[in-house]
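The values are calculated or read from the model by the stated rules, or taken from the named source; none is laboratory data. From a predicted model like this one, the values you see are computed outputs, not experimental measurements. Note: ideal-geometry Cβ built from the backbone for every residue, glycine included; neighbour counts use all protein chains shown.
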């Protein structure tokens, strides 16, 4: 069966500090991978998605970036966090050419 | 107009009640519709997946699609306190991307 992991689960960072969130998927090959941010009352905002190693599509211009160094690894980064980066970050995966996305447990980021 | 709109609630019902959760959408070309459940501080989990119009049942859950009205519903029968969560509707569109509703918060009171 497939499993998706995210870490850390919770993170508190000062403004201006760097960020690295990691997502890995087990039990499948060549998944599509996604990063979302969820803010209270605003639903899920797609940040990045990837259909393969090194292939990243950005949906929202911001100070965040994403990388996919391995087939089942997706990393969300920032060089300098802003207060507005606080939120709940979710990684998701789907099989290529299918419509169903499966979500990880999420990382709650607080920027102070 | 947003592609998907969902009443945020919150919705509070007594245990055993029938719950109706609803979304409307804008594009009549949408064919697939999904419902996710999200417990507090957890990732969403897929509950139901329906194609085109009609009903789909799974245990106490019924997903209904009315394409003529562009309206989708999730019914929960005999609601339990463990059903307390936020429910998100989702509609896939091009490139494996989704339109998500903002979620409806449900509390089932014992």
Seminar exercise, completed: Of those in the range A:87-106 that are more than 14 Å from residue A:36 (Cβ to Cβ) and either away from chain B (no Cβ under 14 Å) or touching a strand residue (DSSP E or B) at 6+ places or on another chain (Cβ under 7 Å) (or both), the residue modelled with the highest pLDDT is A:100
Exercise. Looking at this structure, is residue A:50 surrounded by 12 or more Cβ atoms within 10 Å (Cβ to Cβ) and without any contact (Cβ under 8 Å) to a residue 24 or more places away in the chain?
Worked result: no
Exercise. What is the one condition in (1) more than 14 Å from the chain's Cα centre (by Cα); (2) under 19 Å from residue B:5 (Cβ atoms) that residue B:44 does not satisfy?
Worked result: (1)
Exercise. Can you tell me which of A:65, A:84, A:17 is under 10 Å from the mean Cα position of the chain (by Cα), at pLDDT 90 or above and away from chain B (no Cβ under 13 Å)?
Worked result: A:65
For this session: Evaluate the following for residue B:95: is it under 14 Å from the mean Cα position of the chain (by Cα), at positive phi, at pLDDT below 95 and within 14 Å of chain A (Cβ to nearest Cβ)?
Result: no
For this session: Please indicate, with yes or no, whether at least one residue in the range A:4-19 is without any contact (Cβ under 8 Å) to a residue 12 or more places away in the chain and either in contact with a strand residue (DSSP E or B) (Cβ under 9 Å, 6 or more places away or on another chain) or exposed (fewer than 13 other Cβ atoms within 10 Å of the Cβ) (or both).
Result: no
For this session: Counting only residues that are farther than 20 Å from residue B:98 by Cβ, give me the strands (runs of 3 or more DSSP E) lying completely in the range A:47-97 with at least 3 of them.
Result: A:64-70, A:73-78
Exercise. If you check residue B:68 against the conditions, is it surrounded by fewer than 20 Cβ atoms within 10 Å (Cβ to Cβ), part of a helix (DSSP H, G or I) and free of Cβ contacts under 8 Å to residues at least 60 places away in the same chain?
Worked result: no
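Every residue, every condition in (1) surrounded by fewer than 12 Cβ atoms within 10 Å (Cβ to Cβ); (2) modelled with pLDDT under 95; (3) within 14 Å of another protein chain (Cβ to nearest Cβ); (4) farther than 20 Å from residue B:108 by Cα, yes or no:
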residue	(1), (2), (3), (4)
B:16	yes, no, no, no
B:19	no, no, no, no
B:24	no, no, no, yes
B:32	no, yes, yes, yes
B:36	no, no, yes, no
B:40	yes, yes, yes, no
B:49	no, yes, yes, yes
B:52	yes, yes, yes, yes
B:61	no, no, no, no
For this session: Would you tally the residues in the range A:21-32 being surrounded by 12 or more Cβ atoms within 10 Å (Cβ to Cβ), in a strand (DSSP E or B) and more than 10 Å from every other protein chain (Cβ to nearest Cβ)?
Result: 5
